[in-house]
Amino acid sequence: MTKSSSGSSKTQQHQSLLTSNEIGRPLLVVLLLLVAMLLSAVSIIFQSYEYRTLFNTQQQLVSQWDELQVEWGQLLLEQSALGANSRVEKLAKGKLAMHVPLSEDVEMVSYE
C-alpha cells in the first residue's frame, strides 16, 4: 500500500501544481479586462467633460442670441421713430428751409 499511496500522492502533488501557462492565461485576461475598464472610465470622464463644455458654450450662445434679439427690436423701433413722416417734415422745414408747395405750384404730369 505504501507504493500505491506514494504514487497517488505524487499524482495529487503534480495536479496541485499549476504550470506557468495555466497561471499566466487567467492573469493576462484579468489584466486585459482591467486595462479595458480603465480606458472605458477615462473615455466616460472625457465625454462628460466635453458635454459640459459644449453645454456651457451653447448656453452662452443662447444668452447672446437673446441679447441680440432685444437689440434688434430696439433698432427697429428707433428706425421707425427716425423715419416717421412728422419728424422728416420737421427736419426738412427747420434745417433745410423746405416747405410744402402751394396747390398752384403743383403740376400733374401724366404718363402716356
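The values are calculated or read from the model by the stated rules, or taken from the named source; none is laboratory data. Just so it is clear, the model here is predicted, and its values are computed rather than measured. Note: ideal-geometry Cβ built from the backbone for every residue, glycine included; neighbour counts use all protein chains shown.
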For this session: Report yes if some residue within the stretch 57-79 is of a type in the set (A, V, I, L, M) and at pLDDT below 90; otherwise report no.
Result: no
For this session: Identify all residues within the stretch 74-111 that are small (Gly, Ala, Ser) and either on the phi < 0 side of the Ramachandran plot or surrounded by 10 or more Cβ atoms within 10 Å (Cβ to Cβ) (or both); write none if there are none.
Result: SER80, ALA81, GLY83, ALA84, SER86, ALA92, GLY94, SER103, SER110
Exercise. Could you list, in sequence order, the residues of the stretch 1-38 that are at pLDDT 70 or above and among the β-branched types (Val, Ile, Thr)?
Worked result: THR19, ILE23, VAL29, VAL30, VAL35
